[in-house]
Amino acid sequence: METLLVQIEGCLNSRPLTKLSDDPSDLQALTPGHFIVGSSLQSVPDIDYESIPMNRLHQWQQIQKMLQDVWKRWHVEYLQALQPRSKWIKPPIELKKNQVVVIVDENQPPMRWPIARIHELHPGQDGVVRVVTLQTGSSLLTRPTSKICVLPIPPPNDDQTTTSEEPPARSS
């Protein structure tokens, strides 16, 4: 049980938070694992045990199957939390060129987060962007906006300058 809990902790701490550097060609993301061990957490790919009944697996395989079950549910729920459905109550999240995003892929093994940079926006006739072209480490992909998630912590804007305004003086 301890092995399973440590592996689940690794999955939770592997999620991307924000981009790691300002280099446009760098697709590394800062994760909670960077604060724990100094780099992103990795796992060794394992066989997919989803279709094999639990009673036919050895003890290690059962632990890996439980980890895969937790991963499949948690990473889908986490990515859905990053994609708020705003409807008409709030404006949708604005996508921008060169923004770093996570690609939604249900078939990823535990602790794998495909990250890409928005290369091009494709607005429709109504001006709403529903499709984007993504630059991954090796290729260009075209994905609908429903299959990408903006990283949860946006990087600080270089355009905005903070001013330190002093509060108005009190009158006696």
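The values are calculated or read from the model by the stated rules, or taken from the named source; none is laboratory data. Values in this document were obtained by computation on a predicted structure and should not be read as measured data. Cβ coordinates were reconstructed from backbone atoms using ideal geometry, including for glycine residues, and neighbour counts include every protein chain displayed. When the accessible area is computed, the model is the full protein with side chains, heavy atoms only, and any ligands, DNA or RNA have been set aside. Shrake-Rupley method; radii C 1.70, N 1.55, O 1.52, S 1.80 Å.
Structure summary
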read-out: Residue list for region 31-44, restricted to those being open to solvent by less than 100 Å² (accessible area, probe 1.4 Å) and without any contact (Cβ under 8 Å) to a residue 24 or more places away in the chain; value: Thr31, Pro32, Gly33, His34, Val37, Gly38, Ser39
read-out: Residues of region 1-19 that turn out to be surrounded by 14 or more Cβ atoms within 10 Å (Cβ to Cβ) and either touching a residue at least 60 places away in the same chain (Cβ under 8 Å) or over 23 Å from Val76 (Cα atoms) (or both), as a count; value: 12
read-out: Failed item, numbered, when Ala116 is tested on (1) in contact (Cβ under 8 Å) with a residue 24 or more places away in the chain; (2) of a type in the set (Gly, Ala, Ser); (3) more than 25 Å from Leu12 (Cα to Cα); value: (3)
read-out: Selected residue [closer than 13 Å to Asn107 by Cα and either without any contact (Cβ under 8 Å) to a residue 60 or more places away in the chain or not acidic (Asp, Glu) (or both)] from Ile47, Ile52; value: Ile47
read-out: From the options Arg117, Arg170, Arg112, residue that is at pLDDT below 90 and surrounded by 13 or more Cβ atoms within 10 Å (Cβ to Cβ); value: Arg112
read-out: Odd one out for Leu57 among (1) over 17 Å from the mean Cα position of the chain (by Cα); (2) open to solvent by 60 Å² or more (accessible area, probe 1.4 Å); (3) free of Cβ contacts under 8 Å to residues at least 12 places away in the same chain; value: (2)
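Okay, residues lined up against (1) touching a strand residue (DSSP E or B) at 6+ places or on another chain (Cβ under 8 Å); (2) surrounded by 17 or more Cβ atoms within 10 Å (Cβ to Cβ); (3) free of Cβ contacts under 8 Å to residues at least 12 places away in the same chain; (4) not basic (Lys, Arg):
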| site | (1), (2), (3), (4) |
| --- | --- |
| Lys65 | no, yes, no, no |
| Val76 | no, no, no, yes |
| Leu95 | yes, no, no, yes |
| Val104 | yes, yes, no, yes |
| Asn107 | no, no, yes, yes |
| Pro123 | yes, no, yes, yes |
| Leu140 | yes, no, no, yes |
| Arg143 | yes, yes, no, no |
